[in-house]
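Quick note: the coordinates plus some simple rules give every number you see, no bench work behind them. A quick note: this is a predicted structure, and the numbers were derived from the prediction, not measured. Every residue, glycine among them, receives a Cβ derived from its backbone with ideal geometry; neighbour counts consider all protein chains shown.
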């Protein structure tokens, strides 16, 4: 208890306190990840009396059980989520991102327990999902709970949530660097020192615990691959584009399935059971898509799958995962992305190898690289995808092809559709966190609260010599030209009259209407400051007229936007302390 009281002491150095909290979160999340994996194995054994990869014993499972067990697991998941914690539904990462962006990192304490049970049952009974989404939510919940217990200010609570997410990923995949990058790139969007140091410490701590129980081994043991010829640097960019398109299709399928199943008028907690029963029917022909599917991935990486099966499994896995998530199952999309990527790369590599066998590596090399490509295409996080594939495989020889493929996959997917597989879920709820904290702040501030109502106006008929005098007397950067109905018809800057200043014969002939920029860009009082700033940036100007019903009611300088943003950020910092 004395240690706890010291941690709560306000005079203890803030950075040291955060590091101590990160250490606690790393330990708890590390053991949470270990417990989660053991629970999954135990539940699979309870269901099937076997905890090995499903491919090794699928042939001895009675046909009725292949349908009934996933259905029973789905029913248990539906009841747990519906009556325990709705946040535990789905893959979990969007909920963590939303908590960080909108609630300062606050997550209900019960979420970790419900997520562990729901996801373990879903995966153990055969749900076509992964471990990483649940463990991110479990770790984040642990981080938030620690922050709440020690009464950490909300501004630092988000960092603690990031620590938990990083620790969960690191412990699950034995990938401490990838855990750090996942948290900073996807969850927090902050690479500052105050966030970076605690996240690293938490990730390393959790990885150390995980290695104590599971050993220091990569998740996939594969042969050594290398680039066979320079021609492959032409093929890998193509693979990046293909991976991005497949990742985009995966994202589209998941949300389409969710919409279709949500429209079915039956109880929400029953839907996972129906989804599980349909999934069981898929296992009759394709047991490869059971659970996380690492066994099938390993077969692909060592070139033990045929072209037809590889291509078919891309779409079967997309269907199985969309069915599991869409019906209300609980689990992640990272492992399915790896699976789909392996099949995509295996298909691509096999085709290339058939036509150019002496210029290309084995199909397994392309499968390995495409795993990162599809992850990048779905998450829009190429740095995380590159590093996590490197740590999962310990294959440095494929780092250059991996970088090319992941970057092009991200560009392809993000160009064709806004939002990653995580952020689309938030966008559909009206939550836009992609632009970052600055833009999200400006979205909430309105033009009418920052505009200046004192504006300089001149009539359309005002001669040039009077316009010059007005500029001298008012010291105004812009003059707004209005007609007889007091409507804004144009705007004049000093730059507009510079070319005719020395033309004395034009002083009385040229009027404001001749010089004004017609149909100027304007904003309305109820527009957001984000919208106003975008217009200023695109037009290369630093001030906008504000109009209402065609009449000029004010002007908005860029300096007022900056001032409003600064006031809002200071206010938020004070409230969060």
Task: Ordering of 402-411, 340-349, 308-317 by burial proxy (mean other Cβ atoms within 10 Å per residue, highest first) - done: 340-349, 402-411, 308-317
Task: Residue-span extension gain [residue 567 to residue 449] - 0.36 nm each, minus C-alpha spacing - done: 41.3 nm
- [ ] For the stretch 458-473 and the stretch 205-245, write down the distance between their C-alpha centroids in whole Å.
- [x] 69
Open item on the list: Per 0.36 nm of contour for each residue apart, how much would the distance between residue 528 and residue 400 grow if the chain were fully extended, relative to their Cα-Cα spacing?
Closed with: 41.8 nm
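Based only on other Cβ atoms within 10 Å, what is the fewest-to-most ordering of 462, 230, 19, 184?
On the way: 462 19, 230 8, 19 16, 184 23.
Ordered by Cβ neighbours within 10 Å, fewest first: 230, 19, 462, 184.
Taking the stretch 350-407 on its own, what percent of its Cα-Cα pair distances exceed 12 Å?
Numbers: 1034 of 1653 pairs.
For the stretch 350-407, the fraction of Cα-Cα distances above 12 Å is 63 percent.
Using the count of nearby Cβ atoms within 10 Å as a rough guide to exposure, how do 123, 541 rank from fewest to most? Write out the running numbers ahead of the final one.
On the way: 123 32, 541 16.
Fewest to most other Cβ atoms nearby, the residues stand as 541, 123.
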- [ ] Mind grabbing the base-10 log of I(q)/I(0) for the stretch 386-427 at q = 0.13, 0.18, 0.20, 0.30 Å⁻¹? Debye formula, identical points on the C-alpha positions, no solvent, two decimal places.
- [x] -0.38, -0.62, -0.70, -0.94
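So if R0 is 41 Å, what FRET efficiency would residue 285 and residue 228 give, r being the distance between their Cβ atoms, rounded to the nearest 0.05?
Details: r = 35 Å, r/R0 = 0.85.
Once the sixth-power term is evaluated, E becomes 0.70.
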Task: Per residue convex hull volume, Cα atoms of the stretch 279-329, in Å³ - done: 69
Task: the stretch 524-545 residues near the modelled residue 456 label - backbone nitrogen below 17 Å, point 7 Å along Cα→Cβ - done: 542-545
Open item on the list: Suppose the chain between residue 538 and residue 59 were pulled fully straight at 0.36 nm per residue; how much longer would it get relative to their current alpha carbon spacing?
Closed with: 166.2 nm
Task: For 469, 454, order by how many other beta-carbon atoms lie within 10 Å, fewest first - done: 454, 469
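For the stretch 241-379, what ratio Rg/Rh do Cα atoms give with a Kirkwood hydrodynamic radius?
1.02
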Open item on the list: Taking just the alpha-carbon atoms of the stretch 2-214, what radius of gyration and Dmax come out, in angstrom?
Closed with: 17.9, 65
Open item on the list: I'd like to know how the stretch 53-174 sits against the 2.2 N^0.38 Å rule of thumb: what's its Cα Rg over that expected value?
Closed with: 1.20
Task: Computed Rg/Rh of the chain, alpha carbon atoms with Kirkwood Rh - done: 1.10
Open item on the list: With N set to the number of residues, divide the alpha-carbon radius of gyration of the stretch 19-103 by 2.2 N^0.38 Å and report two decimals.
Closed with: 1.45
Task: Packing rank of 282-295, 473-486, where each peptide gets the mean count of other beta carbons within 10 Å, highest leading - done: 282-295, 473-486
- [ ] Starting from the exponent 0.38 and prefactor 2.2 Å, build the expected Rg for the stretch 102-177 from its residue count and divide its actual Cα Rg by it.
- [x] 1.13
Open item on the list: For the stretch 110-224, what are Rg and Dmax over the alpha carbons, in angstrom?
Closed with: 14.5, 50
